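This report concerns only the one structure given below.
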Amino acid sequence: MSTSPAAEAARRRTFAIISHPDAGKTTLTENLLLAGGAIRAAGAVRARGQTRRTQSDWMKIERERGISVSASVMTFDHDGLMFNLLDTPGHEDFSEDTYRTLTAADAAVMVLDAAKGIEPQTLKLFEVCRLRDIPIITFINKMDREAQDPFELLDEVSSKLALDPAPLFWPAGSGGRFKGMMDLRSQQFIPYAKKSSTDEEGHPDPVAFNGNAIVQYLDPDERSELEDNAMLVTEAGKPFDVQSFLEGHMTPVFFGSALRHFGVDQLLAGIGAYAPAPKPAKASKAGAETHVAPGDNEVSGFVFKVQANMDPNHRDRIAFLRLTSGRFTRGMKLKAQNTGKAMSVNAPIMFFASDRELAEDAFAGDVIGIPNHGVLRVGDSLSETGSLRFAGLPNFAPEILRRVRVKDPLKAKHLKKALEGLAEEGVTQLFRPMIGSDFIVGAVGQLQFEVMADRLSNEYQLDVIFEASPYAEARWLVGERADVEDFENKHKSAMGRDIDDQPVFLGKSAWEIGYVAERYPKVRFERTKERG
Ligand code: G4P
């Protein structure tokens with residue numbers, strides 16, 4: 001087996017799963033790991049899905065950080081390919097984290113509940129994938145339950161997402177009448193056995209749709225219905241075109257039941273066959289734009305996630321580095337582009353389904369965890385020379401702003417440090433208004449504040465109060481420096497700075513922002529900010 005960085009990168013498939021809560025992401029994750037031989041029995045990931053639902057349990061998971069850290073990425077070797085499955089938190093309050101994780105993915109599997117189709121969170125996440133040109137594979141889940149007409153589901157994909165759906169399989173019935181699916185290309189029928197689940201016997205082997213064995217699985221009516229539908233979808237739809245998929249115009253569609261481990265092997269094979277290997281990444285070097293190819297000799301990558309360790313006595317954190325090029329080996333020195341600081345990466349961690357292991361080497365597409373003491377931040381670019389800078393890690397305008405105060409006024413200094421720490425980790429955003437000494441924290445969802453309060457108390461011994469903020473909306477200002485400064489000077493009472501010292505307009509309402517923006521066409525009021 002070749003081990004050149006280019007050849008190793010070519011066998012990486014780094015992907016994430018996006019879905020609306022409850023569509024079955026956790027169940028599918030587990031079944032993909034099962035299909036890939038990474039776990040032996042169902043149950044390992046399941047516990048997370050179950051406990052995640054309630055807020056107190058979520059916090060317990062946050063506390064038992066070991067679990068959630070090791071589950072941020074799961075790596076498994078299957079069929080000659082290395083799959084890196086990035087975990088995206090399911091709760092919508094953590095969507096910001098999800099967005100960042102997607103910057104590290106080369107493809108996404110979009111899970112739809114067959115009875116519900118495209119739901120609000122699916123749409124939001126899809127938009128991020130589109131923004132980043134991440135090709136999408138669709139998995140229509142829960143076919144073992146009463147489903148919408150598959151033609152309608154495809155229509156929805158095409159009208160709501162403006163994506164051409166290209167089904168590779170076609171289901172026979174759904175719910176109690178679900179019999180299996182036809183592989184539209186090989187004309188094989190893959191029977192579904194009701195009783196089968198993730199364990200023991202599995203589903204029967206595929207049979208030729210036009211052969212004699214089909215009568216065991218489909219009665220004549222079911223057979224002719226499936227034949228008609230398959231013909232209709234083949235004739236009416238566009239055939240699957242890998243190039244169009246890679247360019248984000250088309251999505252291959254798979255059907256199945258994650259819970260019953262049906263259609264999951266086909267999905268994994270599809271990810272292996274069609275999801276792209278790591279591509280060259282856009283970067284800048286000494287101010288000039290460049291491309292970093294996965295096969296380049298220089299090791300490089302970017303931090304897309306930072307998670308603090310739960311041991312409050314050692315404030316070390318794990319930075320998740322998505323490698324973009326080269327052959328990383330343990331003990332290697334990497335330099336951060338922004339600080340120029342070099343660090344020896346002596347204890348890089350690779351995450352396998354149930355274990356963490358020290359990574360001896362890793363390649364483009366892989367994710368390694370680097371323990372550090374707060375040196376590394378989300379958006380940092382690391383490389384051997386320290387000269388590469390990768391763009392593209394978004395911060396989103398928070399949907400809720402709160403003023404935060406510490407109950408014990410003597411601890412105000414402490415609070416600043418703690419808030420900065422959490423903001424650097426991406427737990428919440430932090431804004432310092434130009435006037436006054438308040439801290440305004442921003443989040444996408446209420447739960448983030450609760451997690452924050454919990455962590456401030458446990459890790460920093462700070463009891464805080466969140467109060468109503470005089471501001472309701474935050475926007476990053478972009479434009480010529482002189483124009484932005486001019487605007488800042490004229491609106492001091494509504495200006496603040498974020499953790500990177502970027503100017504932020506703090507508005508009392510979206511209406512106010514629209515009003516002000518109209519009067520200052522030279523300044524843009526951005527809802528997202530890209531670090532790096
Ligand atoms: P999520 O991570 O996207 O939020 O979804 P999760 O996998 O936790 O699944 C949500 C619910 O849907 C779970 O049921 C799960 O068992 C069920 N589910 C997932 N895939 C399938 C499928 O293919 N078919 C059927 N019938 N159900 C499926 P729950 O009752 O909420 O939880 P639990 O009590 O089963 O754990």
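The values are calculated or read from the model by the stated rules, or taken from the named source; none is laboratory data. Worth saying up front: this structure is predicted, and the values here are computed from it rather than measured. Heads up, the Cβs are rebuilt from the backbone with ideal geometry, glycines too, and the neighbour counts pull from every protein chain shown.
Would you point out which residue out of L506, L477, L430, L462 is outside any helix (DSSP H, G or I), modelled with pLDDT of 90 or more and closer than 24 Å to V303 by Cα?
From the options L506, L477, L430, L462, the qualifying one is L430.
Table: residues versus (1) modelled with pLDDT under 95; (2) assigned to a helix (DSSP H, G or I); (3) under 18 Å from A105 (Cα atoms); (4) basic (K, R).
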| site | (1), (2), (3), (4) |
| --- | --- |
| M231 | no, yes, no, no |
| K238 | yes, no, no, yes |
| L268 | no, yes, yes, no |
| P294 | no, no, yes, no |
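Only one of (1) within 16 Å of the ligand (Cβ to nearest atom); (2) under 22 Å from the mean Cα position of the chain (by Cα); (3) not hydrophobic (A, V, I, L, M, F, W, C) fails for D106. Which number is that?
So the condition that D106 fails would be (1).
Give the stretch 224-242 a look and list any residue that's in contact with a strand residue (DSSP E or B) (Cβ under 9 Å, 6 or more places away or on another chain) and not hydrophobic (A, V, I, L, M, F, W, C), or say none.
Within the stretch 224-242, E225, E227, N229, T234, G237, K238, P239, D241 qualify.
Of the conditions (1) within 21 Å of H249 (Cβ to Cβ); (2) at pLDDT below 95; (3) out of contact with any His (no Cβ under 9 Å at 6 or more places or on another chain), L123 satisfies every one except a single condition; which number is it?
For L123, the exception is condition (3).
When the stretch 249-273 is examined, which residues are found to be surrounded by 16 or more Cβ atoms within 10 Å (Cβ to Cβ), over 16 Å from L85 (Cβ atoms) and away from the ligand (no atom under 16 Å from the Cβ)?
M250, T251, P252, listed by residue number.
Can you name the number of the only condition in (1) outside any loop (DSSP other than H, G, I, E, B); (2) at pLDDT 95 or above that A277 fails?
Of (1) outside any loop (DSSP other than H, G, I, E, B); (2) at pLDDT 95 or above, only one is false for A277: (1).
Would you be able to tell me the number of residues in the stretch 133-172 that are within 16 Å of the ligand (Cβ to nearest atom), on the phi < 0 side of the Ramachandran plot and outside any strand (DSSP E or B)?
8
If a residue must be of a type in the set (S, T, Y), near the ligand (Cβ under 8 Å from one of its atoms) and not in a helix (DSSP H, G or I), how many such residues does the stretch 7-36 contain? First the steps, then the outcome.
Restricting attention to the stretch 7-36, the residues satisfying the condition of being of a type in the set (S, T, Y) are 14, 19, 26-27, 29.
Those still in the list that are near the ligand (Cβ under 8 Å from one of its atoms) too: 19, 26-27, 29.
Going one step further and asking which of them are not in a helix (DSSP H, G or I), we end up with 19.
Going through the stretch 7-36 one residue at a time, the tally reaches 1.
Got a sec? Which of E200, E146, E156 is modelled with pLDDT under 95 and in the same structural domain as Q266 (by the TED database)?
Criteria check complete, one pass: E200.
Which one is surrounded by the fewest Cβ atoms within 10 Å (Cβ to Cβ) among residues in the stretch 423-449 that are over 12 Å from D498 (Cα atoms) and free of Cβ contacts under 8 Å to residues at least 40 places away in the same chain?
S437
Among the residues of the stretch 37-65 satisfying the criterion of being surrounded by fewer than 17 Cβ atoms within 10 Å (Cβ to Cβ) and within 12 Å of the ligand (Cβ to nearest atom), which is modelled with the lowest pLDDT?
The residue in question is R53.
For the stretch 66-100, which residues satisfy the criterion of being modelled with pLDDT under 75, of a type in the set (A, V, I, L, M, F, W, C) and within 16 Å of the ligand (Cβ to nearest atom)? Working first, answer last.
Quick first cut of the stretch 66-100, residues modelled with pLDDT under 75 only: 66-72, 89-97.
Now restrict to residues that are of a type in the set (A, V, I, L, M, F, W, C): 67, 69, 71, 94.
Within the stretch 66-100, I67, A71, F94 meet the criteria.
For the stretch 437-452, which residues satisfy the criterion of being aromatic (F, W, Y) and part of a helix (DSSP H, G or I)?
The answer is F449, and nothing else.
It is to be established whether one or more residues within the stretch 165-177 are at pLDDT below 95 and either of a type in the set (F, W, Y) or touching a strand residue (DSSP E or B) at 6+ places or on another chain (Cβ under 7 Å) (or both).
no
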